[in-house]
Protein chains: 2
Amino acid sequence: MEKKRTILVGQSGGPTCAINASLAGVIAKARSEGAHVLGMRYGIEGLLKRRIVDLDEKVPTAQALKELALTPASYLGSCRYKLPDPAADEAPYQTLFGLFAELGVDAVFYIGGNDSMDTIAKLAAYGAEHKSPIRFVGVPKTIDNDLMGTDHTPGYGSAAKFVATAVGELARDASVYDLKSVLVVEIMGRDAGWLAASAALASSRELPTPDMILLPEAPQTLDAIAGKASELLETRNTVLIAASEGVRDVSGNLLCEAGSGAVAKDAFGHEVALSGTCRYLASELKSRLGVKARGVELSTLQRAATHCASKTDLDEAFSLGAAGIAAAFEGKTGIMCTIERVSSLPYRTKIGTIAISEVANAERTVPPEMIAADGMGVTDAFIRYARPLIEGAVHPFEVDGVPHRLPALDPGRC
Amino acid sequence: MEKKRTILVGQSGGPTCAINASLAGVIAKARSEGAHVLGMRYGIEGLLKRRIVDLDEKVPTAQALKELALTPASYLGSCRYKLPDPAADEAPYQTLFGLFAELGVDAVFYIGGNDSMDTIAKLAAYGAEHKSPIRFVGVPKTIDNDLMGTDHTPGYGSAAKFVATAVGELARDASVYDLKSVLVVEIMGRDAGWLAASAALASSRELPTPDMILLPEAPQTLDAIAGKASELLETRNTVLIAASEGVRDVSGNLLCEAGSGAVAKDAFGHEVALSGTCRYLASELKSRLGVKARGVELSTLQRAATHCASKTDLDEAFSLGAAGIAAAFEGKTGIMCTIERVSSLPYRTKIGTIAISEVANAERTVPPEMIAADGMGVTDAFIRYARPLIEGAVHPFEVDGVPHRLPALDPGRC
């Protein structure tokens, strides 16, 4: 009798609305191929501590898979652990490959962003060097949409849909009084402005908004920002500015630093917990323009608001997870699954793969042709690119007036 | 031929998800009675400047009425204008009653909260004193749920549904890493903790949350808050605290003041723009407990997120608007429409009226029997009271991936 294949799947980096849909895709496809599915609790970091869950037990039914796909955040838990260079420290690799052998793992799947692809790239390289038959496959996700080699990343469409929906609602809310005011909405995005740009999708004939979009890719002076706001306020009551948390001045300094001082760095050397851009801008514009000004941070809700997810996004996330299994079972390794756009109107895509070494540790930012000439908005090219990604609504089943989710793995200890 | 009746309707105070559903109810019922419907632009303040719109023209069809009911914020615009005591300054009353006569107004409807009911009370009293035949009717709305004389207020259910949904999603998001952390979610509510209390509706068998709820009605010491958080962190990774922006220490000082200094006051002498409670608490708990701590403000989104509205709430808001017209046309004046609860399980209510003098300028706070013994949570009595109010989802029709709304009255100038 042939040995039943075993796959191991983990999630890493910041959670998104779609990361569990990819996990559901991995589980569903693996199961349809007769494989046994294990999960890493808290990513590679948890795996190093032998934190493993049996997903055939935890997510046993088709119904549970559906609920999983509509559950926000990372069902398996996550980490921000960076594998060392094996030449400098081989110990974690020995632990991990020992564990893979012990569990009889045929393929490892890691659902994550840039840093997670670095992990998969290192494991694949180490495996290749040691003639391991184990396949290593990356499944992309990130609300930042900054991964190379794919048209876009799962998680982005849902976050963009929430941002566009929220900005549209905040715009109506901000314009109820007959007085001049500025609202600055702060949107996640450290170095790539894809998510801040998605605020432009709020615009409609009902109420054109936002009035300005500030992206990390287009540094600004406070004078230019205040100048444009002042000009707009001559003909309208409310100016809504959608500002990326990573927006910089022309010297390359983060605006939020002017507001809140020092910036911490994570294990990958990235600045973390940016915050203060909207407060700083609101405070500056208030004093420069003499108008009411308010800052609103969309905070972690923009990556967790599954109640406002994009159906297109969740469907693609699921498909990418399934495609990862198919690729591994065809013998591919050291790859990431990708979305290739066939056309925007009508929206059609196909799924591909790319060598992970080509995508790890590289970042894709908003290209100049999608940024308005004055650097404070987006072009139609961006709208054509992004609009299809937020199409379609997902309405979670409600129990007691709130969305029903798959129970957390360990609700009493979360 | 009998003269066609004319009614005038305005909106005032902070916008909510349900205030336009009440407006739709007023218009629909007035229209079914053959009346002509005028609207005040920017409430009484706009009316004093003769800012009047013809709602038979702006909202002409049944379809437009449906769209209006699903449009966030105040469609007519709002104000925070306080009418003076007529003994001190009669001028605005003379202007307003002159305008009512000129327009042939038979009845005036004001949809708003506490302060708006003060306006209706003064107009009704002035009208009665001057033998005016005009009827004055208040239609309640406020996310704060703090109006006297009614079981609850339209707007509260939808805000509560968004708070519960968001807190549930933030809780999943906050617990993905295997480390000790505190998340403080700041919720609107100056003196009444109804909305912060609604965070308790997020709790489910999938993930019990929040762990603590801080209300203005139950002052706390930082020691007590840190003590309970520390105790909870012994057995779990993440402590989620839902904190009202109006939470106070035992000396009666706002916690947010400790965080952000002076507090401004509005025309009614109320403290405004409270903010900083979550940042202050997160910063204190981080240093006292030595754990990661983050603050999230739900901001104005909690009153504007119509995409997550409660069907029960919007239906009741519509019915109260319609009931206001019915009451006025029966000759009632100086009243506010109310919701009376018949039973909680099954949820049944009826609509009544109350003399507005009994409700203006009084505030209803969360009663002791709904607050947990340690003051850091709610009881089952609160859950039984609040749960029915968030039941039922409303899914706005989407165009281009975002909810379709009734166009703003003056989209180019908003």
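Based on what the data block shows, is A:G412 open to solvent by less than 30 Å² (accessible area, probe 1.4 Å) and either away from chain B (no Cβ under 14 Å) or among the small types (G, A, S) (or both)?
The answer is no for A:G412.
Sort out for me the helices (runs of 4 or more DSSP H) sitting completely within segment A:286-387 that have 1 or more residues that are hydroxyl-bearing (S, T, Y) and under 19 Å from A:L195 (Cβ atoms).
Fully inside segment A:286-387 and qualifying: A:311-329, A:380-386.
Determine which member of the set B:V184, B:V163 is within 13 Å of chain A (Cβ to nearest Cβ), at pLDDT 95 or above and over 17 Å from B:L254 (Cα atoms).
Working: B:V184 fails: over 17 Å from B:L254 (Cα atoms).
Only one candidate qualifies: B:V163.
The rows are residues; the columns are (1) polar (S, T, N, Q); (2) surrounded by 24 or more Cβ atoms within 10 Å (Cβ to Cβ).
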{"site": "B:S22", "(1), (2)": "yes, yes"}
{"site": "B:M40", "(1), (2)": "no, yes"}
{"site": "B:L48", "(1), (2)": "no, no"}
{"site": "B:L55", "(1), (2)": "no, yes"}
{"site": "B:T61", "(1), (2)": "yes, no"}
{"site": "B:F97", "(1), (2)": "no, no"}
{"site": "B:A101", "(1), (2)": "no, no"}
{"site": "B:V105", "(1), (2)": "no, no"}
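With the condition kept exactly as written, say whether any residue in segment B:164-176 is at negative phi, without any contact (Cβ under 8 Å) to a residue 12 or more places away in the chain and among the polar types (S, T, N, Q).
Looking for residues that are at negative phi, without any contact (Cβ under 8 Å) to a residue 12 or more places away in the chain and among the polar types (S, T, N, Q), one finds none in segment B:164-176, hence no.
In segment B:341-362, what residues are exposed (fewer than 14 other Cβ atoms within 10 Å of the Cβ) and not hydroxyl-bearing (S, T, Y)?
Of everything in segment B:341-362, those that are exposed (fewer than 14 other Cβ atoms within 10 Å of the Cβ) and not hydroxyl-bearing (S, T, Y) turn out to be B:V342, B:L345, B:P346, B:R348, B:K350, B:E358, B:N361, B:A362.
Any residue at all in segment A:170-185 that's assigned to a loop (DSSP other than H, G, I, E, B) and within 16 Å of A:E391 (Cα to Cα)? Walk me through it before giving the result.
Here is the first cut: in segment A:170-185, the ones assigned to a loop (DSSP other than H, G, I, E, B) are A:175-176, A:178-180.
Keeping just the survivors that are within 16 Å of A:E391 (Cα to Cα) gives none.
Checking segment A:170-185: not a single residue is assigned to a loop (DSSP other than H, G, I, E, B) and within 16 Å of A:E391 (Cα to Cα).
Just to be sure before I move on: is A:A73 assigned to a helix (DSSP H, G or I), within 14 Å of another protein chain (Cβ to nearest Cβ) and buried (at least 24 other Cβ atoms within 10 Å of the Cβ) in the structure I sent?
no
State whether the residues of segment A:212-230 include one that is polar (S, T, N, Q) and part of a loop (DSSP other than H, G, I, E, B).
So the first thing to find is which residues in segment A:212-230 are polar (S, T, N, Q), and the list is A:220-221, A:230.
From the residues that got through so far, the ones that are part of a loop (DSSP other than H, G, I, E, B) too are A:221.
Yes.
Identify, from the list B:R172, B:R190, the residue that is closer than 21 Å to B:H307 by Cα, open to solvent by 10 Å² or more (accessible area, probe 1.4 Å) and touching a Pro at 6+ places or on another chain (Cβ under 9 Å).
Answer to the selection: B:R172.
Of the residues that make up segment A:311-334, is at least one of a type in the set (S, T, N, Q) and under 30 Å from B:V163 (Cα atoms)?
Yes, that holds for at least one residue.
Look at A:S230 and say whether it is within 14 Å of chain B (Cβ to nearest Cβ) and of a type in the set (S, T, N, Q).
No, not satisfied.
Within the group A:A304, A:A323, which residue is closer than 18 Å to A:A18 by Cβ, open to solvent by less than 60 Å² (accessible area, probe 1.4 Å), of a type outside the set (F, W, Y) and within 14 Å of another protein chain (Cβ to nearest Cβ)?
Exactly one residue qualifies, and that residue is A:A304.
From the residues in segment B:394-405 that are at the interface with chain A (Cβ under 7 Å from one of its Cβ atoms) and within 21 Å of the chain's Cα centre (by Cα), which one is most open to solvent (accessible area, probe 1.4 Å)?
Among those that are at the interface with chain A (Cβ under 7 Å from one of its Cβ atoms) and within 21 Å of the chain's Cα centre (by Cα), it is B:H395.
What are the pairs with Cβ atoms under 7 angstrom where one residue, in segment B:390-414, is without any contact (Cβ under 8 Å) to a residue 12 or more places away in the chain and in a strand (DSSP E or B) and the other, located anywhere, is crowded, with 17+ Cβ neighbours inside 10 Å and of a type in the set (A, V, I, L, M, F, W, C)? Sequence gap at least six, or different chains.
B:E398/A:A393; B:V402/A:A164; B:V402/A:L201; B:V402/A:A202
Out of (1) of a type in the set (K, R); (2) within 22 Å of the chain's Cα centre (by Cα); (3) not in a helix (DSSP H, G or I), the odd one out for A:K131 is which?
The one condition A:K131 does not meet is (2).
Which condition number does B:I143 fail, the rest of (1) in a helix (DSSP H, G or I); (2) within 14 Å of another protein chain (Cβ to nearest Cβ); (3) in contact with a Gly (Cβ under 8 Å, 6 or more places away or on another chain) being met?
(1)
Give me the pairs: first residue in segment A:212-234 and under 20 Å from A:R190 (Cα atoms) and open to solvent by 40 Å² or more (accessible area, probe 1.4 Å), second residue β-branched (V, I, T) and part of a strand (DSSP E or B), beta-carbon distance under 7 Å, and six or more apart or on different chains, which are they?
Qualifying pairs under 7 Å: A:E217/A:I371.
If the requirement is being away from every other protein chain (no Cβ under 13 Å), modelled with pLDDT of 95 or more, more than 24 Å from A:E169 (Cα to Cα) and touching a Leu at 6+ places or on another chain (Cβ under 9 Å), which of these qualifies: B:A218, B:A192?
That would be B:A192, the only listed residue that is away from every other protein chain (no Cβ under 13 Å), modelled with pLDDT of 95 or more, more than 24 Å from A:E169 (Cα to Cα) and touching a Leu at 6+ places or on another chain (Cβ under 9 Å).
Might you let me know whether segment B:150-159 holds any residue that is crowded, with 24+ Cβ neighbours inside 10 Å, touching a Gly at 6+ places or on another chain (Cβ under 8 Å), more than 14 Å from chain A (Cβ to nearest Cβ) and more than 30 Å from A:D410 (Cβ to Cβ)?
yes
Is there a residue in segment B:87-94 that is in contact with a Phe, Trp or Tyr (Cβ under 9 Å, 6 or more places away or on another chain), in a helix (DSSP H, G or I), among the aromatic types (F, W, Y) and within 18 Å of B:F136 (Cβ to Cβ)?
Yes, there is a match, as at least one residue in segment B:87-94 is in contact with a Phe, Trp or Tyr (Cβ under 9 Å, 6 or more places away or on another chain), in a helix (DSSP H, G or I), among the aromatic types (F, W, Y) and within 18 Å of B:F136 (Cβ to Cβ).
Checking A:C79 against (1) within 19 Å of A:V402 (Cβ to Cβ); (2) within 13 Å of chain B (Cβ to nearest Cβ), which test does it fail?
In the conditions (1) within 19 Å of A:V402 (Cβ to Cβ); (2) within 13 Å of chain B (Cβ to nearest Cβ), A:C79 misses (1) alone.
Restricting the search to segment A:365-391, which residues are open to solvent by 30 Å² or more (accessible area, probe 1.4 Å), within 7 Å of chain B (Cβ to nearest Cβ) and in contact with a Lys or Arg (Cβ under 9 Å, 6 or more places away or on another chain)?
Within segment A:365-391, just A:E391 meets the criteria.
Find the residue count for segment B:195-209, including only residues that are closer than 28 Å to B:G113 by Cα and either in a strand (DSSP E or B) or within 14 Å of chain A (Cβ to nearest Cβ) (or both). Show your work before the answer.
First pass over segment B:195-209, keeping only residues closer than 28 Å to B:G113 by Cα: B:195-202.
Now narrow it down to the ones that are either in a strand (DSSP E or B) or within 14 Å of chain A (Cβ to nearest Cβ) (or both): B:198-202.
Within segment B:195-209, residues that are closer than 28 Å to B:G113 by Cα and either in a strand (DSSP E or B) or within 14 Å of chain A (Cβ to nearest Cβ) (or both) number 5.
How many residues does segment B:45-63 hold that are outside any loop (DSSP other than H, G, I, E, B) and within 12 Å of another protein chain (Cβ to nearest Cβ)?
Of the residues in segment B:45-63, 4 are outside any loop (DSSP other than H, G, I, E, B) and within 12 Å of another protein chain (Cβ to nearest Cβ).
A:L179 is checked against (1) open to solvent by 10 Å² or more (accessible area, probe 1.4 Å); (2) more than 8 Å from every other protein chain (Cβ to nearest Cβ); (3) touching a Pro at 6+ places or on another chain (Cβ under 9 Å) and fails just one. What number does that condition carry?
(3) is the only condition that A:L179 fails.
The values are calculated or read from the model by the stated rules, or taken from the named source; none is laboratory data. Please read these numbers as outputs of a predicted model, since none were measured by experiment. Cβ atoms come from the backbone with ideal geometry, glycine included; neighbour counts cover every protein chain shown. Only protein heavy atoms, including side chains, enter the accessible area calculation; ligands, DNA and RNA are left aside. Shrake-Rupley method; radii C 1.70, N 1.55, O 1.52, S 1.80 Å.
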